Amino acid sequence: GVSGTPVEKNITLGSASRIELSCRLDNKYSHFKSLQVTWKRGNETVRHINKTENSWSIQLRILDNSKLGSYSCTLKGEEEVGAMFHLQPKIEGKEKPIISYEGDTAVMTCESSGYTPIAWTWYMTNGSEQIAININDSLLADKYVINTISANVTHLKILELTKEDDGVYWCEAAFELGKSKGKLKLKVLSFMVPLKPFLAIVAEVVVLVTIIFLYEMYLKKKEKRAAEFWSLTSLSYSKSEESNGLESSSARHRKI
Amino acid sequence: MQAKDSNPPDGGYGWVVVVSAFMVMGLTAAILKTFGLFFVEIQQHFDELASTTSWITSITIAIFHLGAPVASSLCVRYTHRAVVITGGLLAFSGMALGFLGLNMVWMYATTGFLQGLGISFSWTPAISIVSHYFSKKRALANAIASAGESAFAFTFGPFFQWLISQYGWKGGLFIIGGIQLNICVCGVLMRPLASSCVLEAPPDKGASKIDKEDQSPVTHKTFNWMLVRRPEFVLYAIFGILAAMSFFVPPLFLVPLSYSMGIDESWTASLLSILAMVDFAGRLLCGWYANLHVTKTVHLLTMTITLISTSLMLLPLANDYLSLAIFTGFYGFFFGTTVAVHITVLADVVGMSDFDSALGLFMLIRSTGGFVGPPLAGLLVDMAGDYRAGFYMAGTTLVLSAGFLVTLDQLQQRKERGSQANTKPEKSTLPYPSFHLLKLQ
């Protein structure tokens, strides 16, 4: 129902159909005496059928995309309210870019939810132009592979990626009533990109291992020297005890 | 060996080892837990089914468990340090080679097999050496080390997502491999205890060892299969199987249960964050409490298991986000306490002389429970048509496992009473129960 603020509704049509759009008024507005209801497509007025006291509808037979678009229903009374209906199927691309590497293969997927397209076409962008990818062209056959996985899903495989393949791609689904496009972004990175942080981490690891290793060797040497010192000390102590029961400390001093 | 048992540092350099083990936990278990973020990317790139892709993680987990006894026997021979460093190199190679991403089988071999082996060779010795370095403070040390897993898992989620968005999944794997090289740094820090040189004991020295009822000379050089003859170990192993059957189920079904209650994605994700946070808190708190030596570790473990099973039995009663979050919090907390203390209990059950072998064997036996649990729970869920069945099953198996713990405790108490009666001590190079014995007297 229309209630004071413009309402918009998107309706998706998969194929040619007969459709009825109706605007219904909530009961609380029925006190508006002079009500003028107009159905319009753009600026053209469409004839409407006044079905009941509070609803107005139009019937459309949509056979091709000439009848698609935005239809609005406007009620003029005390308040002017409106509703818009869009008729167009939509294709979802991917918001996040697909990241791949030079020399690698990239796979881009487009899916049409719910409605089966008649055909799929892929486009690449060259500057501001969109160029269709025609795999029948022998030049391109080595590079691009288009697979239709199922009726609703299509894959574009790009082999032997190079920097030039970086950019925006479009997948276009052709329906009975029109065409719809999805956008995909491909980013091609060189191996250097992850290599730099990787090497930084490896450097950190090597440095830490070396430091710890050297420190431990240093500690071991200290322990060894201390052990030698004490063994020599106790040796001279016991020897001095044999020869001379007293003054072991002075004996130690003399010996060492 | 006697020197090691009766005089572990119990502090000092031991704390360096604890920090090192904390890092190793994070760089192994936490990475395994968060690997799921790479799933969809890998699956789409190779155009495979989800089930085929999930074999990667299954292989990693399987090799992790199968490798544990191998790792522990290598520890005995070549020191913990060497095995951890090897593990770090293996884990790194698994991820770095995964970068090449030739095909799915390649991924199985690299991110599956090599990574699993690397994790196994890093995790097992790290857990083990902490127990070797401590006796009185062992529970606290183990708890702190195990908390590394939760701490890292918490941050790896967003970090991995960022990595994938910047470098793609291939670049992400490569960098994670590099990060895993830090396991080697941790390994270098794990100084072997001086007394482990005694391991190459000549036969006469071996005969003088007091080693429970077992009079065999050198049980250290080879992997000790005699463990399976000891009833305490067997009881604890069965406990391990039942507990493992239950442990993997709740994380698996929490998300679908949440969705089935109508909770949306972001709130469900917050449940997992709550789980990680209380897990971390539980581990630390349990370690602190166990360190007070107010309760015997076996009793503590029995209590925590009972509390987890209670939480799991009550969780299905939740009907909205708040109640689910509260029960999840309880479950996560007690799960953390259990994980923190269960290795210490193993050390108390078998003693430090056989600890390495016991750890490896325990992990291997326990893994059977881990493989049986999720499919069994899935079957029950399908039959009942409700995810809550999974939680009831997990709670029930935990109650059963607690039964085995109680039996184990009774057995130990009976033996202690028996040894009290005898004039000469029957066994006990175990520092902890004998300490408890003194307390009783």
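Can you find a residue in region B:108-129 that is more than 24 Å from B:Ile59 (Cα to Cα), assigned by the TED database to the domain that holds B:Ile59 and out of contact with any Gly (no Cβ under 6 Å at 6 or more places or on another chain)? Looking through region B:108-129, at least one residue is more than 24 Å from B:Ile59 (Cα to Cα), assigned by the TED database to the domain that holds B:Ile59 and out of contact with any Gly (no Cβ under 6 Å at 6 or more places or on another chain).
Take A:Ile212 and tell me if it is without any contact (Cβ under 8 Å) to a residue 24 or more places away in the chain, open to solvent by less than 40 Å² (accessible area, probe 1.4 Å) and not acidic (Asp, Glu). So A:Ile212 passes the test.
If you go through region B:322-338 and pick out every residue that is open to solvent by 20 Å² or more (accessible area, probe 1.4 Å) and in contact with a Gly (Cβ under 9 Å, 6 or more places away or on another chain), you end up with 3. Candidates in region A:174-191 are the residues that are away from every other protein chain (no Cβ under 11 Å) and outside any strand (DSSP E or B); of these, the one that is least open to solvent (accessible area, probe 1.4 Å) is A:Leu177.
Beta carbons closer than 7 Å, at least 6 apart along the sequence or on distinct chains, pair a first residue in region B:100-112 that is more than 18 Å from B:Ile176 (Cα to Cα) with a second that is among the aromatic types (Phe, Trp, Tyr) for B:Asn103/B:Phe46; B:Met104/B:Phe46. Mind checking which residues of region A:144-173 are in a strand (DSSP E or B) and within 16 Å of A:Ile131 (Cβ to Cβ)? Across region A:144-173, the qualifying residues are A:Tyr144, A:Ile146, A:Leu156, A:Ile158, A:Gly167, A:Val168, A:Tyr169, A:Trp170, A:Cys171, A:Glu172. Taken over region B:33-62, residues that are crowded, with 21+ Cβ neighbours inside 10 Å and either within 22 Å of the chain's Cα centre (by Cα) or among the small types (Gly, Ala, Ser) (or both) amount to 2. Could you tell me whether region A:243-254 includes any residue that is at pLDDT 80 or above and of a type in the set (S, T, N, Q)? No.
If the condition is being open to solvent by less than 40 Å² (accessible area, probe 1.4 Å) and either among the aliphatic types (A, V, I, L, M) or at pLDDT below 85 (or both), then region B:256-280 contributes B:Pro256, B:Leu257, B:Ser258, B:Ile263, B:Thr268, B:Ser270, B:Leu271, B:Leu275, B:Ala276, B:Val278.
Among the residues of region B:143-169, just one is closer than 19 Å to B:Val40 by Cβ and buried (at least 24 other Cβ atoms within 10 Å of the Cβ), namely B:Gly168.
The values are calculated or read from the model by the stated rules, or taken from the named source; none is laboratory data. None of these values were measured; they are calculated from a predicted model. Reconstructed Cβ throughout: ideal geometry from the backbone, glycine too, with neighbour counts over all protein chains shown. Keep in mind that these areas ignore ligands, DNA and RNA; they rest on the heavy atoms of the full protein, side chains included. Shrake-Rupley method; radii C 1.70, N 1.55, O 1.52, S 1.80 Å.
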